[in-house]
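Quick one: this structure, given as structure tokens, is what I'll be asking you about.
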Amino acid sequence: MSGQSLSSSSKRRPSLPSDSSANIVSTLDRQPRTHSSAIIKHGKYVLIGGLGCWWVDLPNAVQRVLASEGNWVRRMMFAGLGGHGATVLIFLYLVLFLPWFRGYVPNYPQWQASPRLSLIVPLLTATILLGWTCLVVSLSQAGKRSMLESAVDAVKGVGNASLGQMKGEDGLGVFKSMVGATSLYIFSLGILGFIPAPTNVPVRDKSA
């Protein structure tokens, strides 16, 4: 009997990306006991993300891409910023709207049993992956005239084990672009972590 239970549990085990998204939101909702511990807990993410954005000069890099003529890199940047904005809005819905305006905290460990969370958590994962990928591509490939040129250079770069060959003329390069995109998300999640959770709010289970 227990073997069948374990087997059914393993079949229902969610994918890693969705689990990770649920764990991130759960961490944001888990408030530290004191104000100073909140600053330490979430401030370190703000500091790390801010330093990463500063190191790659992310604001100016984004501005250069947006100021360029309407090409595929610029459209990719808009998609990346849109994905990041959607991620922030979903987090605000989960950590601000539901606890403060609906009066409950979703049961994130049991997100698959909730009709709402079973839709929101995969959507959150998709916006993170889409936004991050588009940001990396647009930041690293700035200056490339077409997606075909970028794809050909990427294949050559992989074949020659050269990240520099994948870089656009006005781009940051693959490594710096990855650092910049990751730092932006870390910084944003750190800021969202400072949103206080209301006290004495119940955790809603399957009906969330």
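Quick note: the coordinates plus some simple rules give every number you see, no bench work behind them. What you see is a predicted model; the values in this text were computed from it and never measured. Virtual Cβ from ideal backbone geometry, glycine too; neighbours counted across all protein chains shown.
Please list the non-local residues whose amide H lies under 5 Å from the amide H of Val105, H modeled 1.01 Å from N, same-chain partners needing a gap of 5 or more.
For Val105, whose amide H was placed from the backbone, the distant partners under 5 Å are Val203, Arg204.
Then there is this: Check Gly171: other-chain or 5+ apart residues with amide H under 5 Å from its amide H, H built from backbone geometry?
Ala142
Arrange Thr125, Thr199 by Cβ neighbour counts within 10 Å, fewest through most, would you?
The order, fewest Cβ neighbours first, is Thr199, Thr125.
Among 79-92, 55-68, 172-185, what's the highest-first ranking by average C-beta atoms within 10 angstrom per residue?
172-185, 79-92, 55-68
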